[in-house]
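Notes for the one structure printed next.
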Amino acid sequence: MIEQWNDSPGGFHPASAPDYLPVEQLRDLQLRRLQGVVRRAYDHVALFRRRMDERGARPDGLKSLADITRMPFTVKTDLRDTYPFGLFASPIQEVVRLHASSGTTGKPIVVAYTQEDINVWTSVMVRSFAACGLHRGDIIQNAYGYGLFTGGLGAHYGAEGLGATVIPISGGNSDRQIMVMKDFGVTAICCTPSYFLHLIERAGELGVDMKSLPLRAGVFGAEPWTDAMRRRIEAESSIKAYDIYGLTEIIGPGVGIECAEQSGLHLFEDHFYPEIIDPDTGAPVPDGTEGELVFTTLSKKAMPMIRYRTRDITAIIPEKCQCGRTIRRMRRIGRRSDDMFIIRGVNVFPSQVEAALLAVEGTLPHYQIVLAREKGLDQMEVQVEVTTEVFSDKVRSLELLQGQLSHKLETTLGIRAEVRLVEPHTIERSQGKAKRVIDNRKMQ
Ligand code: ADP
Ligand code: ZN
(Lines give C-alpha, C1' and ligand atoms only; values in the text may rest on other atoms or scores of the structure.)
(Ligands and ions follow the chains in the order given, each with its own letter.)
Protein backbone atom coordinates (compact mmCIF):
# COMPACT_ATOMS: atom_id res chain seq x y z
CA MET A 1 0.00 0.00 0.00
CA ILE A 2 2.67 2.43 1.06
CA GLU A 3 4.97 1.61 -1.88
CA GLN A 4 2.72 3.12 -4.54
CA TRP A 5 1.69 6.08 -2.50
CA ASN A 6 2.59 9.57 -3.54
CA ASP A 7 3.75 10.89 -0.20
CA SER A 8 4.49 14.42 -1.22
CA PRO A 9 2.44 17.01 0.66
CA GLY A 10 -1.06 17.02 -0.74
CA GLY A 11 -0.51 13.55 -2.21
CA PHE A 12 -3.22 10.96 -2.21
CA HIS A 13 -3.07 8.05 0.21
CA PRO A 14 -4.52 4.82 -1.21
CA ALA A 15 -6.14 3.97 2.14
CA SER A 16 -8.34 7.03 1.55
CA ALA A 17 -9.95 5.56 -1.58
CA PRO A 18 -13.26 4.71 0.18
CA ASP A 19 -13.56 8.42 1.13
CA TYR A 20 -14.29 9.08 -2.54
CA LEU A 21 -16.56 6.16 -3.49
CA PRO A 22 -19.39 7.09 -5.85
CA VAL A 23 -22.41 7.60 -3.60
CA GLU A 24 -24.47 4.78 -5.10
CA GLN A 25 -21.64 2.35 -4.63
CA LEU A 26 -21.19 3.54 -1.05
CA ARG A 27 -24.90 3.03 -0.23
CA ASP A 28 -24.75 -0.39 -1.79
CA LEU A 29 -21.74 -1.34 0.29
CA GLN A 30 -23.42 0.02 3.43
CA LEU A 31 -26.55 -2.03 2.85
CA ARG A 32 -24.62 -5.25 2.30
CA ARG A 33 -22.52 -4.63 5.39
CA LEU A 34 -25.57 -3.65 7.43
CA GLN A 35 -27.32 -6.89 6.57
CA GLY A 36 -24.22 -8.78 7.62
CA VAL A 37 -23.70 -7.03 10.91
CA VAL A 38 -27.34 -7.25 11.98
CA ARG A 39 -27.31 -10.96 11.21
CA ARG A 40 -24.11 -11.37 13.22
CA ALA A 41 -25.53 -9.42 16.17
CA TYR A 42 -28.72 -11.52 16.09
CA ASP A 43 -26.91 -14.83 15.87
CA HIS A 44 -24.23 -14.18 18.49
CA VAL A 45 -25.47 -11.66 21.06
CA ALA A 46 -28.37 -12.58 23.33
CA LEU A 47 -29.35 -8.98 24.09
CA PHE A 48 -29.62 -8.04 20.42
CA ARG A 49 -31.54 -11.20 19.59
CA ARG A 50 -34.00 -10.60 22.40
CA ARG A 51 -34.54 -6.96 21.46
CA MET A 52 -35.04 -7.78 17.79
CA ASP A 53 -37.42 -10.61 18.61
CA GLU A 54 -39.43 -8.33 20.89
CA ARG A 55 -39.90 -5.88 18.04
CA GLY A 56 -40.40 -8.52 15.42
CA ALA A 57 -37.40 -7.09 13.59
CA ARG A 58 -35.89 -9.98 11.64
CA PRO A 59 -32.36 -9.56 10.26
CA ASP A 60 -33.52 -10.81 6.84
CA GLY A 61 -36.21 -8.11 6.77
CA LEU A 62 -33.56 -5.47 6.02
CA LYS A 63 -34.09 -4.65 2.37
CA SER A 64 -32.94 -1.05 2.32
CA LEU A 65 -30.88 1.30 4.49
CA ALA A 66 -34.09 3.02 5.59
CA ASP A 67 -35.20 -0.26 7.18
CA ILE A 68 -32.60 0.32 9.87
CA THR A 69 -35.22 2.33 11.78
CA ARG A 70 -36.98 -0.97 12.55
CA MET A 71 -34.02 -2.05 14.61
CA PRO A 72 -33.86 -1.41 18.36
CA PHE A 73 -31.54 1.20 19.87
CA THR A 74 -28.58 0.35 22.08
CA VAL A 75 -27.61 2.61 24.99
CA LYS A 76 -24.68 2.96 27.35
CA THR A 77 -26.43 1.19 30.21
CA ASP A 78 -26.74 -1.90 27.98
CA LEU A 79 -22.96 -2.15 28.20
CA ARG A 80 -23.12 -1.78 31.96
CA ASP A 81 -25.84 -4.40 32.29
CA THR A 82 -23.89 -6.92 30.23
CA TYR A 83 -20.56 -6.08 31.91
CA PRO A 84 -17.94 -7.17 31.13
CA PHE A 85 -18.21 -9.46 28.07
CA GLY A 86 -21.95 -9.84 27.48
CA LEU A 87 -22.09 -8.02 24.12
CA PHE A 88 -19.20 -9.86 22.52
CA ALA A 89 -20.08 -11.57 19.26
CA SER A 90 -16.76 -13.40 18.97
CA PRO A 91 -15.33 -16.10 21.24
CA ILE A 92 -12.50 -14.83 23.42
CA GLN A 93 -10.04 -16.88 21.32
CA GLU A 94 -10.64 -14.44 18.48
CA VAL A 95 -10.42 -11.29 20.61
CA VAL A 96 -6.96 -9.75 20.43
CA ARG A 97 -7.59 -6.55 22.41
CA LEU A 98 -9.84 -5.10 25.10
CA HIS A 99 -10.32 -1.41 25.89
CA ALA A 100 -12.51 0.37 28.41
CA SER A 101 -14.07 3.74 29.03
CA SER A 102 -16.09 5.36 31.79
CA GLY A 103 -19.47 3.87 32.49
CA THR A 104 -22.23 5.68 34.30
CA THR A 105 -21.27 4.20 37.66
CA GLY A 106 -18.11 2.75 39.19
CA LYS A 107 -17.64 0.07 36.52
CA PRO A 108 -16.17 0.88 33.13
CA ILE A 109 -17.65 -0.24 29.83
CA VAL A 110 -15.57 -2.86 28.06
CA VAL A 111 -15.09 -3.27 24.32
CA ALA A 112 -13.39 -5.98 22.26
CA TYR A 113 -11.54 -6.19 18.95
CA THR A 114 -10.62 -9.05 16.67
CA GLN A 115 -7.50 -8.66 14.52
CA GLU A 116 -9.80 -7.63 11.67
CA ASP A 117 -11.37 -4.96 13.89
CA ILE A 118 -7.94 -3.60 14.76
CA ASN A 119 -7.13 -3.45 11.04
CA VAL A 120 -10.33 -1.50 10.35
CA TRP A 121 -9.55 0.85 13.21
CA THR A 122 -6.02 1.39 11.92
CA SER A 123 -7.36 2.08 8.43
CA VAL A 124 -9.81 4.75 9.60
CA MET A 125 -7.06 6.39 11.63
CA VAL A 126 -4.76 6.33 8.58
CA ARG A 127 -7.56 7.96 6.58
CA SER A 128 -8.00 10.51 9.37
CA PHE A 129 -4.34 11.50 9.40
CA ALA A 130 -4.27 11.57 5.59
CA ALA A 131 -7.29 13.91 5.60
CA CYS A 132 -5.28 16.25 7.85
CA GLY A 133 -2.54 16.31 5.23
CA LEU A 134 -0.12 14.09 7.14
CA HIS A 135 2.07 11.53 5.41
CA ARG A 136 5.25 9.53 5.52
CA GLY A 137 8.07 11.68 6.84
CA ASP A 138 5.85 13.40 9.39
CA ILE A 139 6.90 13.07 13.02
CA ILE A 140 3.79 12.62 15.12
CA GLN A 141 3.87 13.20 18.86
CA ASN A 142 1.07 11.11 20.32
CA ALA A 143 0.10 12.74 23.60
CA TYR A 144 -3.18 10.86 23.98
CA GLY A 145 -3.12 8.61 27.03
CA TYR A 146 -1.92 5.06 26.36
CA GLY A 147 -3.67 2.30 28.24
CA LEU A 148 -7.26 1.22 28.59
CA PHE A 149 -8.48 4.38 26.87
CA THR A 150 -8.74 4.04 23.12
CA GLY A 151 -7.05 7.36 22.31
CA GLY A 152 -3.40 6.38 22.69
CA LEU A 153 -3.25 3.07 20.85
CA GLY A 154 -5.81 4.13 18.25
CA ALA A 155 -3.72 7.10 17.15
CA HIS A 156 -0.52 5.09 17.51
CA TYR A 157 -1.51 2.34 15.08
CA GLY A 158 -2.92 4.91 12.68
CA ALA A 159 0.29 6.94 12.65
CA GLU A 160 2.36 3.80 12.04
CA GLY A 161 -0.07 2.61 9.37
CA LEU A 162 0.37 5.94 7.63
CA GLY A 163 4.10 5.35 7.57
CA ALA A 164 4.80 8.37 9.74
CA THR A 165 7.22 8.38 12.68
CA VAL A 166 5.29 8.10 15.91
CA ILE A 167 6.50 9.26 19.32
CA PRO A 168 4.45 7.34 21.91
CA ILE A 169 4.92 9.93 24.64
CA SER A 170 1.38 9.53 26.10
CA GLY A 171 -0.23 12.26 28.19
CA GLY A 172 1.22 14.43 30.93
CA ASN A 173 4.64 15.87 31.85
CA SER A 174 4.29 19.05 29.85
CA ASP A 175 7.90 20.17 30.10
CA ARG A 176 9.05 16.92 28.57
CA GLN A 177 6.39 17.20 25.86
CA ILE A 178 7.75 20.60 24.89
CA MET A 179 11.37 19.43 24.96
CA VAL A 180 10.55 16.47 22.70
CA MET A 181 8.47 18.61 20.36
CA LYS A 182 11.39 20.98 19.94
CA ASP A 183 14.33 18.55 19.92
CA PHE A 184 12.77 15.87 17.71
CA GLY A 185 11.43 18.30 15.13
CA VAL A 186 7.83 17.18 15.66
CA THR A 187 5.52 18.15 12.78
CA ALA A 188 2.16 17.00 14.20
CA ILE A 189 0.68 16.39 17.63
CA CYS A 190 -2.32 14.43 18.87
CA CYS A 191 -3.95 15.35 22.19
CA THR A 192 -7.04 17.02 23.59
CA PRO A 193 -7.47 20.65 22.51
CA SER A 194 -7.42 21.82 26.12
CA TYR A 195 -4.12 20.06 26.75
CA PHE A 196 -2.60 21.68 23.70
CA LEU A 197 -3.70 25.08 24.99
CA HIS A 198 -1.89 24.25 28.18
CA LEU A 199 1.23 23.26 26.22
CA ILE A 200 1.15 26.59 24.38
CA GLU A 201 1.05 28.39 27.68
CA ARG A 202 3.79 26.28 29.24
CA ALA A 203 6.01 26.69 26.18
CA GLY A 204 5.67 30.44 26.59
CA GLU A 205 6.80 30.19 30.21
CA LEU A 206 9.78 28.09 29.16
CA GLY A 207 10.73 30.61 26.51
CA VAL A 208 9.95 28.25 23.62
CA ASP A 209 8.32 29.96 20.66
CA MET A 210 5.90 27.41 19.22
CA LYS A 211 5.47 29.44 16.07
CA SER A 212 9.10 28.89 15.16
CA LEU A 213 8.92 25.08 15.53
CA PRO A 214 8.32 22.72 12.56
CA LEU A 215 4.97 21.74 14.14
CA ARG A 216 2.28 22.31 11.50
CA ALA A 217 -0.77 20.21 12.47
CA GLY A 218 -2.69 19.23 15.56
CA VAL A 219 -5.22 16.39 15.63
CA PHE A 220 -7.43 17.31 18.54
CA GLY A 221 -10.42 15.51 19.98
CA ALA A 222 -11.94 13.50 22.82
CA GLU A 223 -13.76 16.58 24.13
CA PRO A 224 -15.95 19.33 22.71
CA TRP A 225 -14.27 22.52 21.50
CA THR A 226 -15.31 25.45 19.39
CA ASP A 227 -14.25 27.26 16.25
CA ALA A 228 -13.25 30.16 18.48
CA MET A 229 -10.90 27.85 20.34
CA ARG A 230 -9.50 26.62 17.03
CA ARG A 231 -8.76 30.17 15.93
CA ARG A 232 -7.04 30.86 19.23
CA ILE A 233 -4.89 27.72 18.96
CA GLU A 234 -3.98 28.36 15.33
CA ALA A 235 -3.06 31.98 15.98
CA GLU A 236 -0.88 31.20 18.96
CA SER A 237 0.98 28.25 17.50
CA SER A 238 0.92 28.70 13.70
CA ILE A 239 -0.47 25.21 13.11
CA LYS A 240 -3.64 23.89 11.53
CA ALA A 241 -5.91 22.41 14.18
CA TYR A 242 -8.16 19.52 13.07
CA ASP A 243 -11.10 18.09 14.96
CA ILE A 244 -11.17 14.31 15.35
CA TYR A 245 -14.14 12.45 16.78
CA GLY A 246 -14.71 8.99 18.07
CA LEU A 247 -16.08 6.92 20.89
CA THR A 248 -15.08 3.68 22.52
CA GLU A 249 -18.39 1.93 21.94
CA ILE A 250 -18.05 2.35 18.17
CA ILE A 251 -14.29 1.80 17.80
CA GLY A 252 -12.37 4.67 19.48
CA PRO A 253 -10.93 7.72 17.71
CA GLY A 254 -11.29 7.73 13.93
CA VAL A 255 -15.07 7.76 13.50
CA GLY A 256 -14.95 11.24 11.98
CA ILE A 257 -12.32 13.79 10.98
CA GLU A 258 -12.04 17.22 9.45
CA CYS A 259 -10.37 17.61 6.07
CA ALA A 260 -8.37 20.61 4.85
CA GLU A 261 -11.64 22.55 4.45
CA GLN A 262 -12.15 22.40 8.22
CA SER A 263 -15.89 22.70 7.84
CA GLY A 264 -17.46 19.70 9.49
CA LEU A 265 -16.19 16.22 10.19
CA HIS A 266 -16.29 13.54 7.49
CA LEU A 267 -17.72 10.31 8.87
CA PHE A 268 -16.20 7.04 7.76
CA GLU A 269 -19.61 5.85 6.71
CA ASP A 270 -18.38 2.73 5.01
CA HIS A 271 -17.71 1.39 8.54
CA PHE A 272 -20.00 3.44 10.79
CA TYR A 273 -23.53 4.13 9.60
CA PRO A 274 -24.77 7.44 11.02
CA GLU A 275 -28.33 8.49 11.81
CA ILE A 276 -29.60 11.62 13.50
CA ILE A 277 -32.68 11.21 15.68
CA ASP A 278 -34.89 13.36 17.82
CA PRO A 279 -33.53 12.55 21.30
CA ASP A 280 -37.01 12.68 22.84
CA THR A 281 -38.98 10.60 20.36
CA GLY A 282 -36.25 8.53 18.72
CA ALA A 283 -37.63 9.43 15.29
CA PRO A 284 -35.12 10.12 12.50
CA VAL A 285 -34.68 13.76 11.47
CA PRO A 286 -33.68 14.93 7.97
CA ASP A 287 -30.11 15.90 7.04
CA GLY A 288 -29.31 19.42 8.17
CA THR A 289 -31.47 19.14 11.29
CA GLU A 290 -29.87 18.91 14.69
CA GLY A 291 -30.43 15.86 16.84
CA GLU A 292 -28.74 12.95 18.56
CA LEU A 293 -26.11 11.04 16.66
CA VAL A 294 -26.65 7.28 16.40
CA PHE A 295 -24.23 4.77 14.90
CA THR A 296 -24.42 1.23 13.65
CA THR A 297 -21.04 -0.39 13.10
CA LEU A 298 -20.97 -1.95 9.64
CA SER A 299 -17.90 -4.15 9.87
CA LYS A 300 -17.13 -4.79 13.55
CA LYS A 301 -16.73 -8.44 14.39
CA ALA A 302 -16.02 -8.77 18.11
CA MET A 303 -18.53 -6.18 19.25
CA PRO A 304 -21.06 -5.02 16.72
CA MET A 305 -23.22 -2.08 17.75
CA ILE A 306 -26.74 -1.66 16.49
CA ARG A 307 -28.12 1.89 16.52
CA TYR A 308 -25.96 3.02 19.41
CA ARG A 309 -27.20 6.30 20.91
CA THR A 310 -24.11 8.46 21.41
CA ARG A 311 -25.91 11.28 23.28
CA ASP A 312 -23.83 13.67 21.19
CA ILE A 313 -25.83 16.40 19.51
CA THR A 314 -25.03 17.37 15.92
CA ALA A 315 -26.45 17.49 12.39
CA ILE A 316 -25.48 15.86 9.10
CA ILE A 317 -24.29 18.47 6.61
CA PRO A 318 -26.24 17.87 3.38
CA GLU A 319 -23.91 19.79 1.04
CA LYS A 320 -20.98 18.15 -0.71
CA CYS A 321 -17.54 19.02 0.64
CA GLN A 322 -15.14 21.03 -1.50
CA CYS A 323 -12.45 18.41 -0.91
CA GLY A 324 -14.28 15.92 -3.14
CA ARG A 325 -14.88 13.26 -0.51
CA THR A 326 -18.27 11.63 -0.89
CA ILE A 327 -18.56 10.40 2.69
CA ARG A 328 -20.87 12.78 4.50
CA ARG A 329 -19.92 15.33 7.14
CA MET A 330 -21.43 16.23 10.50
CA ARG A 331 -21.20 19.52 12.33
CA ARG A 332 -18.72 19.57 15.16
CA ILE A 333 -20.16 18.34 18.44
CA GLY A 334 -20.97 21.12 20.85
CA ARG A 335 -23.02 19.42 23.49
CA ARG A 336 -24.54 16.20 24.73
CA SER A 337 -28.07 15.24 25.63
CA ASP A 338 -27.03 13.72 28.95
CA ASP A 339 -25.07 15.01 31.93
CA MET A 340 -21.70 13.50 31.06
CA PHE A 341 -18.86 16.00 31.06
CA ILE A 342 -15.32 15.60 29.87
CA ILE A 343 -12.33 16.67 31.90
CA ARG A 344 -8.80 16.33 30.55
CA GLY A 345 -10.19 14.00 27.92
CA VAL A 346 -11.75 11.68 30.48
CA ASN A 347 -15.51 11.15 30.55
CA VAL A 348 -17.16 11.71 33.90
CA PHE A 349 -20.77 11.15 34.90
CA PRO A 350 -22.05 12.90 38.03
CA SER A 351 -23.50 9.51 38.99
CA GLN A 352 -19.97 8.08 39.22
CA VAL A 353 -18.90 10.91 41.53
CA GLU A 354 -22.01 10.36 43.61
CA ALA A 355 -21.39 6.63 43.95
CA ALA A 356 -17.78 7.26 45.01
CA LEU A 357 -18.72 9.90 47.58
CA LEU A 358 -21.49 7.92 49.16
CA ALA A 359 -19.30 4.84 49.51
CA VAL A 360 -17.40 6.69 52.22
CA GLU A 361 -18.88 7.01 55.70
CA GLY A 362 -19.53 10.50 57.04
CA THR A 363 -20.70 12.09 53.79
CA LEU A 364 -24.18 13.38 53.06
CA PRO A 365 -25.89 13.02 49.68
CA HIS A 366 -25.46 16.70 48.87
CA TYR A 367 -22.64 17.52 46.55
CA GLN A 368 -21.64 19.73 43.68
CA ILE A 369 -18.95 19.50 41.06
CA VAL A 370 -17.22 22.73 40.07
CA LEU A 371 -15.13 22.77 36.91
CA ALA A 372 -12.59 25.46 36.17
CA ARG A 373 -9.77 26.01 33.72
CA GLU A 374 -6.52 27.26 35.19
CA LYS A 375 -3.54 27.94 32.95
CA GLY A 376 -5.27 25.97 30.23
CA LEU A 377 -5.69 22.88 32.41
CA ASP A 378 -9.06 21.61 33.53
CA GLN A 379 -9.57 21.41 37.28
CA MET A 380 -12.34 19.65 39.11
CA GLU A 381 -13.45 20.40 42.63
CA VAL A 382 -15.99 18.27 44.40
CA GLN A 383 -17.80 19.94 47.26
CA VAL A 384 -19.57 17.57 49.57
CA GLU A 385 -21.50 18.04 52.75
CA VAL A 386 -20.43 15.96 55.73
CA THR A 387 -22.33 15.05 58.87
CA THR A 388 -22.35 17.48 61.80
CA GLU A 389 -20.43 14.91 63.87
CA VAL A 390 -17.56 14.81 61.42
CA PHE A 391 -17.61 18.53 60.97
CA SER A 392 -17.51 19.32 64.68
CA ASP A 393 -14.81 16.71 65.22
CA LYS A 394 -11.11 17.40 65.26
CA VAL A 395 -9.41 18.81 62.19
CA ARG A 396 -7.59 15.52 62.00
CA SER A 397 -10.70 13.50 61.16
CA LEU A 398 -11.73 16.05 58.54
CA GLU A 399 -8.38 15.66 56.88
CA LEU A 400 -8.68 11.91 57.08
CA LEU A 401 -12.07 11.95 55.41
CA GLN A 402 -10.86 14.33 52.74
CA GLY A 403 -7.98 11.99 51.97
CA GLN A 404 -10.30 8.98 51.77
CA LEU A 405 -12.64 10.79 49.42
CA SER A 406 -9.84 12.01 47.16
CA HIS A 407 -8.52 8.50 46.93
CA LYS A 408 -11.92 7.01 46.22
CA LEU A 409 -12.63 9.57 43.51
CA GLU A 410 -9.27 9.03 41.88
CA THR A 411 -9.64 5.26 41.78
CA THR A 412 -13.20 5.51 40.47
CA LEU A 413 -12.71 8.22 37.85
CA GLY A 414 -9.08 7.75 36.94
CA ILE A 415 -8.39 11.45 37.40
CA ARG A 416 -7.60 13.62 40.37
CA ALA A 417 -10.20 15.88 41.94
CA GLU A 418 -9.94 18.41 44.73
CA VAL A 419 -12.29 17.62 47.58
CA ARG A 420 -13.80 20.33 49.74
CA LEU A 421 -15.80 19.29 52.78
CA VAL A 422 -18.59 21.66 53.71
CA GLU A 423 -21.08 21.89 56.55
CA PRO A 424 -24.57 20.46 56.24
CA HIS A 425 -26.95 22.73 54.28
CA THR A 426 -24.17 24.67 52.54
CA ILE A 427 -24.95 23.42 49.05
CA GLU A 428 -27.93 25.06 47.44
CA ARG A 429 -31.00 22.82 47.30
CA SER A 430 -32.84 22.76 44.04
CA GLN A 431 -36.57 22.70 43.53
CA GLY A 432 -36.40 20.32 40.64
CA LYS A 433 -33.46 18.65 38.97
CA ALA A 434 -30.36 19.12 41.12
CA LYS A 435 -27.65 21.13 39.41
CA ARG A 436 -24.70 18.86 40.05
CA VAL A 437 -22.16 20.43 37.76
CA ILE A 438 -21.10 24.05 37.59
CA ASP A 439 -18.89 24.46 34.57
CA ASN A 440 -16.81 27.62 34.76
CA ARG A 441 -14.45 26.60 31.98
CA LYS A 442 -14.42 29.07 29.18
CA MET A 443 -14.63 27.50 25.75
CA GLN A 444 -12.40 30.15 24.23
P1 ADP B 1 -12.48 9.32 23.57
O2 ADP B 1 -12.56 10.19 24.78
O3 ADP B 1 -11.23 8.54 23.46
O4 ADP B 1 -12.84 10.06 22.32
P5 ADP B 1 -14.67 8.01 24.84
O6 ADP B 1 -15.45 6.82 24.45
O7 ADP B 1 -14.01 8.00 26.16
O8 ADP B 1 -13.61 8.20 23.70
O9 ADP B 1 -15.56 9.30 24.76
C10 ADP B 1 -16.38 9.52 23.67
C11 ADP B 1 -17.12 10.83 23.82
O12 ADP B 1 -16.17 11.89 23.86
C13 ADP B 1 -18.02 11.13 22.66
O14 ADP B 1 -19.26 10.50 22.76
C15 ADP B 1 -18.10 12.65 22.75
O16 ADP B 1 -19.05 13.05 23.72
C17 ADP B 1 -16.72 13.04 23.22
N18 ADP B 1 -15.87 13.42 22.09
C19 ADP B 1 -14.93 12.69 21.48
N20 ADP B 1 -14.35 13.39 20.48
C21 ADP B 1 -14.97 14.59 20.44
C22 ADP B 1 -14.85 15.75 19.63
N23 ADP B 1 -13.96 15.86 18.65
N24 ADP B 1 -15.70 16.79 19.88
C25 ADP B 1 -16.62 16.72 20.86
N26 ADP B 1 -16.76 15.67 21.68
C27 ADP B 1 -15.96 14.60 21.47
ZN1 ZN C 1 -13.86 17.52 2.97
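The values are calculated or read from the model by the stated rules, or taken from the named source; none is laboratory data. Keep in mind that this is a model prediction, so the values were computed, not measured. Positions of Cβ are generated from backbone atoms using ideal geometry, with glycine treated the same way; all protein chains shown enter the neighbour counts. Accessible surface is based on the protein model in full, side chains and every heavy atom, while ligands, DNA and RNA are left aside. Shrake-Rupley method; radii C 1.70, N 1.55, O 1.52, S 1.80 Å.
Model label points for S337 and K442, set 7 angstrom from Cα along the Cα-to-Cβ axis, are 3.3 nm apart.
Once both labels are positioned 7 Å from their Cα atoms along Cα-to-Cβ, the gap between S430 and A359 label points is 2.4 nm. With a Förster radius of 56 Å applied to the C-beta separation of Y83 and Y20, the computed FRET efficiency comes to 0.90.
Once the piece of chain linking E201 and E410 is laid out straight, how much longer is it, given 0.36 nm per residue of separation minus the C-alpha distance between them?
Values: separation 209, 0.36 × 209 = 75.24 nm, distance 2.61 nm.
Value of the extension gain: 72.6 nm.
Between region 259-303 and region 339-372, the C-alpha centres lie 29 angstrom from each other.
Using the Cα centre of the chain as the reference point, and only Cβ charges (+1 on K/R, -1 on D/E), how large is the resulting charge dipole? Debye, rounded to the nearest 20. All intermediate terms of the calculation are to be shown ahead of the outcome.
Details: 54 positive and 56 negative charges, 98 e Å.
For the chain, the charge dipole is close to 480 debye.
Based on C-alpha pairs under 8 angstrom that are at least 6 apart in sequence, the chain has a relative contact order of 14 percent. Of E428, E94, E381, E410, the order by accessible heavy-atom surface (1.4 Å probe, DNA, RNA and ligands excluded), from most exposed downward, is E428, E94, E410, E381.
Residue order by solvent-accessible surface for E292, E54 is E54, E292, largest first, with ligands and nucleic acids left out and a 1.4 Å probe. Listed cross-link partners K240/K320; K76/K301; K63/K300; K182/K375; K394/K442; K211/K442 are compared with a 27 Å cut-off, the Cα-Cα value being larger for K394/K442.
How long is the gain from L98 to R420 if the chain were fully straight, where each residue apart is worth 0.36 nm and the alpha carbon distance is subtracted? Kindly include the intermediate steps, with their values, before the conclusion.
On the way: separation 322, 0.36 × 322 = 115.92 nm, distance 3.56 nm.
So the extension gain works out to 112.4 nm.
The heavy atoms of E234 offer some 50 square angstrom of accessible surface to a 1.4 angstrom probe.
Note on V395: accessible area is roughly 100 Å² with a 1.4 Å probe, heavy atoms of protein only.
One Cα centroid belongs to region 197-248, the other to region 7-74; the line between them spans 35 Å. Counted residue by residue at 0.36 nm each, then reduced by the alpha carbon distance between them, the extension gain from E399 to R50 reaches 120.6 nm.
Hey, with R₀ at 51 Å, roughly what FRET efficiency would K107 and S212 work out to, going by the Cβ-Cβ distance, to 0.05? Before the final figure, lay out each step's value.
Working: r = 47 Å, r/R0 = 0.92.
Calculated value: 0.60.
Taking the accessible area of the chain, probe 1.4 Å, and keeping the other protein chains in place, the carbon and sulfur fraction comes to 51%.
Summary of packing: across the peptides 168-179, 344-355, 151-162, the per-residue average of other C-beta atoms within 10 Å ranks them, highest first, as 151-162, 344-355, 168-179.
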